[in-house]
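Below: one structure, written as structure tokens.
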Amino acid sequence: MRLVDLSHPVEAGMQVFPGDPPVDCRLAASVPRDGFQVAELHLGTHSGTHVDAPLHTVDGGPAVDELDLSLLVGPARIVHVPGLRERETVRWEHVRAQLEDVRGRTIVLFRTDWSRHFGTPRYLAHPVLDVEIAEHLLAAGVRVLGVDTLNPDRTPDAASTGPLALPVHAAVLGAGGAIVENLTNLHAVTWQDPLLSALPLRLRGHDGSPVRAVAMQL
Ligand SMILES: [Zn+2]
């Protein structure tokens, strides 16, 4: 079986969404002192490669432990959208040829290769998806979108205030679906229509969870 890891390493000080809790990891026990090693982790529910549950943007919506896990394991379509500029909007016309035959519960992953900027300020100026893409895919039965960026919607700069505009989140999560963010290594999936697994931790009542996202060729 071929397998590609689509996850960023989780480590102290890693880049997170502006204002999210910083990631910190330290030793709570060590072999020389205690006879065993245990680490203590501090992180947000949206640290690193992770899944958004409806509760992330839908007040009172389903939490990550209530997601149907079969949404997050299944056939995936990787849509290649190379050469995008900072904050460029990907529109349905750009991707429709790669998606017109997609039906049902296929997981759709957008490969912009913006993941190469992870850890730099430029990662925040990522391309975004027009909500029309989400609407077409939801109409075809798709319930899970994934991006190799921080956010399928625009990430505001530090100066902006007030509630965020999150139209793609509202559409997908509002339909009971899920969004996988901060994917990486999509270029390494060199075969058509991989099997994807992006299972969250069973965090009771929470809005998202880090995942170990992998693409498989069985
Ligand atoms: Zn998220």
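Observations, loosely collected:
- The combined condition, being within 16 Å of the ligand (Cβ to nearest atom), under 14 Å from the mean Cα position of the chain (by Cα) and surrounded by 16 or more Cβ atoms within 10 Å (Cβ to Cβ), is fulfilled by Val64.
- Residue match in segment 25-40 (condition: at pLDDT 95 or above, open to solvent by 60 Å² or more (accessible area, probe 1.4 Å) and within 16 Å of the ligand (Cβ to nearest atom)): no
- Residue in segment 38-45 that is acidic (Asp, Glu) and either under 23 Å from Val168 (Cβ atoms) or not in a helix (DSSP H, G or I) (or both) present: yes
- Selection within segment 177-195 - more than 16 Å from the ligand (Cβ to nearest atom) and either closer than 16 Å to His8 by Cβ or in a loop (DSSP other than H, G, I, E, B) (or both): Asn185, Leu186, His187, Ala188, Val189, Thr190, Trp191, Gln192, Asp193, Pro194
- Total residues in segment 129-176 satisfying the condition of being away from the ligand (no atom under 13 Å from the Cβ), open to solvent by 10 Å² or more (accessible area, probe 1.4 Å) and not basic (Lys, Arg): the figure is 25.
- When the test is whether a residue is surrounded by fewer than 21 Cβ atoms within 10 Å (Cβ to Cβ), among the hydrophobic types (A, V, I, L, M, F, W, C) and within 16 Å of the ligand (Cβ to nearest atom), Val58 passes it.
- Of all residues in segment 44-63, those that are in contact (Cβ under 8 Å) with a residue 60 or more places away in the chain have Cβ atoms under 8 Å from Cβ atoms of residues that are among the hydroxyl-bearing types (Ser, Thr, Tyr) and within 10 Å of the ligand (Cβ to nearest atom), 6 or more apart or on another chain, in Thr45/Ser209; His50/Ser209; Val51/Ser209; Ala53/Ser209.
- Residue in segment 104-117 that is modelled with pLDDT under 95, open to solvent by 10 Å² or more (accessible area, probe 1.4 Å), assigned to a loop (DSSP other than H, G, I, E, B) and farther than 20 Å from His50 by Cα present: yes
The values are calculated or read from the model by the stated rules, or taken from the named source; none is laboratory data. Values in this document were obtained by computation on a predicted structure and should not be read as measured data. With ideal geometry, Cβ positions are generated from the backbone for all residues, glycine too; neighbour counts draw on all protein chains shown. Quick note on the areas: whole protein, heavy atoms, side chains included, nothing else; ligands and nucleic acids left out. Shrake-Rupley method; radii C 1.70, N 1.55, O 1.52, S 1.80 Å.
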